[in-house]
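The values are calculated or read from the model by the stated rules, or taken from the named source; none is laboratory data. As the structure is a computational prediction, the values presented were derived from the model and not from experiment. Glycine also receives a Cβ, built like all others from the backbone with ideal geometry; neighbour counts cover every protein chain displayed.
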Amino acid sequence: MTTALNKPVTRRCLVASDAGRRLVVTLMPGDVLGIRLSRGRQHFIIPLLSCYHYAVKMHVAARRAERSKKKR
């Protein structure tokens, strides 16, 4: 059983960085994901459903590329 997301949960990434600054990810109520650079003010917000659809598209594209590579 999972816990409902009632308040924002923020975590700093260990490896992912841009120009030496780590990413900070926030799961927000309303099924929204916020991403910003550490020590930065600007949040980039994306709905979780959009993240899911993008991940599925990437997975499908990778499998197609793999199949295409096998055919050659």
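Could you list all residues from segment 1-38 that are of a type in the set (A, V, I, L, M, F, W, C) and within 16 Å of SER50 (Cβ to Cβ)?
Looking only at segment 1-38, we keep the residues that are of a type in the set (A, V, I, L, M, F, W, C), and these are 1, 4-5, 9, 13-16, 19, 23-25, 27-28, 32-33, 35, 37.
Answer for segment 1-38, where residues must be of a type in the set (A, V, I, L, M, F, W, C) and within 16 Å of SER50 (Cβ to Cβ): VAL25, LEU27, MET28, VAL32, LEU33, ILE35.
For segment 54-65, state whether one or more residues are of a type in the set (D, E, K, R) and under 18 Å from the mean Cα position of the chain (by Cα). Even if it seems obvious, please write down each step before you answer.
If we filter segment 54-65 for residues that are of a type in the set (D, E, K, R), which is where we start, we get 57, 63-64.
Pick out the ones that are also under 18 Å from the mean Cα position of the chain (by Cα) and you get 57.
Yes, segment 54-65 contains a residue that is of a type in the set (D, E, K, R) and under 18 Å from the mean Cα position of the chain (by Cα).
How many residues are of a type in the set (Gly, Ala, Ser) and touching a strand residue (DSSP E or B) at 6+ places or on another chain (Cβ under 7 Å) if we restrict to segment 18-39?
Taking segment 18-39 first, the residues of a type in the set (Gly, Ala, Ser) are 19-20, 30, 34, 38.
Restricting the remaining residues to those that are touching a strand residue (DSSP E or B) at 6+ places or on another chain (Cβ under 7 Å) gives 34, 38.
Total satisfying the criteria: 2.
I need the full set of residues from segment 39-53 which are over 16 Å from the mean Cα position of the chain (by Cα) and small (Gly, Ala, Ser), in order please.
Hit for segment 39-53 is GLY40, nothing else.
Scan (1) more than 24 Å from LEU5 (Cα to Cα); (2) exposed (fewer than 12 other Cβ atoms within 10 Å of the Cβ) for the single condition PRO29 breaks and write down its number.
(1)
Is segment 34-50 home to any residue that is on the phi > 0 side of the Ramachandran plot and either surrounded by 12 or more Cβ atoms within 10 Å (Cβ to Cβ) or free of Cβ contacts under 8 Å to residues at least 60 places away in the same chain (or both)?
The initial filter retains those residues of segment 34-50 that are on the phi > 0 side of the Ramachandran plot, namely 39.
Remaining after also requiring either surrounded by 12 or more Cβ atoms within 10 Å (Cβ to Cβ) or free of Cβ contacts under 8 Å to residues at least 60 places away in the same chain (or both): 39.
The answer is yes, given that some residue of segment 34-50 is on the phi > 0 side of the Ramachandran plot and either surrounded by 12 or more Cβ atoms within 10 Å (Cβ to Cβ) or free of Cβ contacts under 8 Å to residues at least 60 places away in the same chain (or both).
Restricting attention to segment 7-22, report how many residues are at pLDDT 95 or above and not basic (Lys, Arg).
3
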